[in-house]
Amino acid sequence: MENRLVLRLIAATLMLGLLPASTVLAIEARVEGLKGDPAANIRHYLDGLDESQYSRTRLEGESRRRAAEAMRAYGYYEPKIEARLAEGEPPEYVELTIDPGPRVRIETLDFRLEGDAREDPPFQKAIDDFPLAVGDPLVHAPYDSLRGRLANLSLERGYFEWRYSDRRMEVRPFDESARLYLTLDSGPRYRFGNVSISGSHIEPDRLRRLLPFTPGAPYLAGELATFNQRLGQTEWFRSVTVRPRLESSSLALEEERAGWAEAVASEGGTRYGARYDTTTHVSAAGLEGVTALAARQEERPSVPIDVKVAPADRHRFEVGVGYATDVGPRMRFSWDQPWINRYGHGLDHDLYLSAPQQRFGGVYTLPLDNPLRDSYRFQYGLSHKDTDDTRSLEATLEGARRWEFENGWIQHLYVRTTYEDFTQGNDNEQVLLLYPGIRWSRTRTRNPTFPSWGDRQRLSLEVSDGLWGSDADFVRVTGESRWIRKIGADNRVVTGLGLGAIETSDFSLIPPSLRFFAGGDNSVRGYGYESLSPRDDEGKLTGGQQLLTYSLEWQRRVTGDWWGAAFVDTGDAFEEWGPDDLKTGAGLGVRWISPVGPIRLDIAHPFDDEDNSWRLHFAIGPEF
């Protein structure tokens with residue numbers, strides 16, 4: 001019986017919670033005699049006033065009180081305010097007729113810095129940037145903002161003993177004047193202390209190489225954020241916490257021993273101020289204490305840094321399914337090991353499956369002194385490709401040295417060996433290639449999913465020669481440049497240029513993976529995937545020795561996450577520079593920023609294909 005009663009009470013409570021509450025409407029403030037920010041501030045102050053909680057007389061008084069308080073923030077300390085409520089109960093609005101009276105102006109600005117902050121430029125800049133000057137009307141907000149700014153700077157820059165020794169705003173309405181005083185006593189600036197790391201499965205020395213500061217350097221909170229970010233970017237940890245050890249005991253300066261100085265003074269003289277000769281009567285112990293005290297006064301305080309990390313999962317698996325008109329349905333399976341030992345070495349594996357192409361490969365990463373920027377990478381790969389006129393089975397091994405520079409450019413210096421059994425048109429070969437190469441790349445984006453701004457640059461050079469046992473001699477150069485720029489809030493421009501060239505004495509020995517083809521979703525739309533290249537006497541694709549493609553696309557927001565697009569692409573793969581003509585396609589498309597990433601649907605017309613009047617292109621994923 002009791003259980004049933006309890007259930008009924010709970011149900012009744014839930015039903016009452018679902019009933020619509022009576023709507024409370026704040027009274028509307030209509031201001032006359034005052035405009036601009038002061039009038040807006042009055043409306044803001046009255047915005048939360050519930051007229052149902054007051055009688056009409058009290059409501060008028062409360063409206064006048066709040067309006068006067070709002071005006072003081074803009075230097076009006078002696079306004080005359082008349083309040084009239086609308087008819088009806090409760091009144092819908094209050095009409096305020098205001099004579100603002102004289103406005104208080106600034107007579108004195110006295111802002112000072114004491115302590116180590118006097119020599120720290122950001123503090124003086126904050127004071128110099130104060131927007132008001134002597135003679136200006138008083139506004140409270142800049143003064144409050146300066147107080148907050150100096151306080152934040154103190155904590156951000158290691159002044160943990162900061163305080164305001166003077167903080168006054170003296171307003172004299174009768175004199176129409178105001179005096180603003182603010183003195184920050186920053187105390188000493190703390191230094192970075194020792195860094196303590198706990199919970200790490202990686203050698204601590206490897207983590208310390210990521211430090212953006214050295215112990216003993218002036219404290220900066222931003223440096224801790226940078227260190228935290230760098231540790232996260234290694235992908236070695238599931239969680240990272242970097243914080244200063246701000247305990248009261250560590251922040252307090254060591255106190256001087258009470259009575260010590262008096263004891264020294266009393267040796268050889270009267271305790272109460274008589275002259276005494278310290279050169280002959282100070283003990284050795286006392287002299288040692290004086291030296292130690294002077295050293296402590298010169299020593300700057302430091303704050304230890306505590307780093308707590310938790311290891312990331314040793315194995316991570318990911319499966320992706322997609323579709324593109326170039327290859328049809330596709331699937332990707334990845335197995336990543338962000339760390340396999342205490343030195344932070346990593347191993348990644350990747351399997352890609354589609355109808356025309358299947359790939360399996362992996363990369364072993366050996367980080368160097370700076371794990372984020374410098375590493376050795378050893379790569380393996382197997383690939384099978386079967387398209388219209390291309391059949392290829394390829395095995396690759398590569399060893400590379402990777403550098404990432406401060407300006408965002410990444411450099412790869414590598415040596416690659418490739419065995420490829422292929423048929424391209426009427427060329428049927430088996431080749432073993434050994435060639436060094438160098439590649440530079442840089443990608444910059446804002447909002448990588450659907451960039452409002454970004455660009456990608458790539459340049460590579462590869463050389464193969466029989467001198468070191470390669471079956472084919474060649475020099476191969478490729479380059480790519482793509483740009484995204486947003487114009488206003490609703491327009492984007494996407495443009496790109498691709499170049500390639502290979503110089504060889506026997507093109508028949510060059511495998512399809514190194515020849516050039518154009519056409520497809522990410523090349524010249526309107527044409528089939530890799531369908532543009534020179535053809536042999538039987539009309540079969542042979543691949544080109546040179547490549548040139550260019551694309552220009554204009555996108556316009558239709559509504560929300562939906563965009564329309566108009567584009568023109570041109571380009572081709574060919575045997576010699578200076579082709580007679582380039583293949584061109586143009587069309588219209590739709591872009592949808594979906595929860596799984598941008599989805600692109602294009603209808604393109606090929607101007608140089610007599611057999612097809614249009615082609616559909618569909619792809620999922622960002623431009624870069």
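Please treat every number below as a calculation from the coordinates, not as lab data. Because the structure is a prediction, the values reported are computed rather than measured. A quick note on method: Cβ atoms are made from the backbone with ideal geometry, for glycine too, and the neighbour counts reach across all protein chains shown.
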**Message:** I'd like the trypsin sites (Lys or Arg not before Pro) in the stretch 360-458 restricted to DSSP loop residues with at most 16 other Cβ atoms within 10 Å, sorted by number.
**Reply:** R373
**Nearest-ten-degree value, helix 284-298 long axis tilted from longest Cα axis of the chain** = 60
**Asked** Mind listing the phi-derived Karplus ³J(HN,Hα) values for the stretch 493-499, rounded to whole Hz, using 6.51, -1.76 and 1.60 with θ = phi - 60°, and x for any glycine or proline?
**Response** 10, 10, 9, x, 9, x, 9
**Asked** Could you give the angle, 0 to 90 degrees to the nearest 10, between helix 2-18's Cα long axis and the longest principal axis of the Cα atoms of the chain?
**Response** 90
**Item:** Centre separation in Å (Cα based) which lies between the stretch 573-624 and the stretch 446-461
**Value:** 19
**Complete:** Here P(r) for the stretch 105-185, Cα-Cα distances in 10 Å bins, as whole percents, is 18, 51, 25, 7, 0
**Complete:** For K540, counting only lysines whose alpha-carbon sits under 27 Å away and dropping same-chain residues fewer than eight positions off, the answer is K385, K583
**Rg followed by Dmax, in Å, when the stretch 316-620 is reduced to its Cα trace** = 20.3, 62
**Message:** Using the Karplus curve 6.51 cos²θ - 1.76 cosθ + 1.60 with θ = phi - 60°, what ³J(HN,Hα) values do you get for each residue of the stretch 188-201, in whole Hz, with x for Gly and Pro?
**Reply:** x, 8, 6, 10, 5, x, 5, 9, 10, 10, 10, x, 8, 9
**Message:** Suppose every Lys and Arg Cβ carries +1 and every Asp and Glu Cβ carries -1, with no other charges. What dipole size does the stretch 75-131 come out with about its Cα centre, to the nearest 20 debye?
**Reply:** 220
**Fill in**
Long-range amide H partners of Y77, meaning residues 5 or more apart or on another chain whose placed amide H is closer than 5 Å, are V104
**Asked** Within the chain, what is the longest stretch that has no GluC sites (Glu not before Pro) placed in a DSSP loop and near at most 11 other beta-carbon atoms within 10 Å?
**Response** 88-246
**Fill in**
At 25 °C and 0.890 mPa s, the Stokes-Einstein diffusion coefficient in µm²/s for the stretch 28-99, with hydrodynamic radius from the Kirkwood sum on alpha carbon pairs, is 204
**Request:** Could you go through the stretch 541-547 in sequence order and give the Karplus-derived ³J(HN,Hα) for each residue, using 6.51 cos²θ - 1.76 cosθ + 1.60 with θ = phi - 60°, rounded to whole Hz, and x for Gly and Pro?
**Result:** 5, 10, x, x, 8, 9, 9
**Asked** Between F160 and residues 5 or more places away or on another chain, which pairs have amide H atoms under 5 Å apart, with H built 1.01 Å from N, and which residues are they?
**Response** Y190
**Request:** Would you mind pulling out the separation of the Cα centroids of the stretch 350-391 and the stretch 100-129, in Å?
**Result:** 60
**Fill in**
With Cα coordinates, the longest principal axis of the chain makes an angle with the long axis of helix 36-46, in degrees rounded to 10, of 80
**Asked** Among G158, A126, Y143, whose Cα lies farthest out toward the positive end of the dipole of the stretch 105-185, if unit charges sit on the beta carbon of Lys, Arg (+1) and Asp, Glu (-1)?
**Response** Y143
**Asked** When the gyration tensor of the chain is built from Cα positions, what are the square roots of 5 times its three eigenvalues, in whole Å, from largest to smallest?
**Response** 66, 44, 26
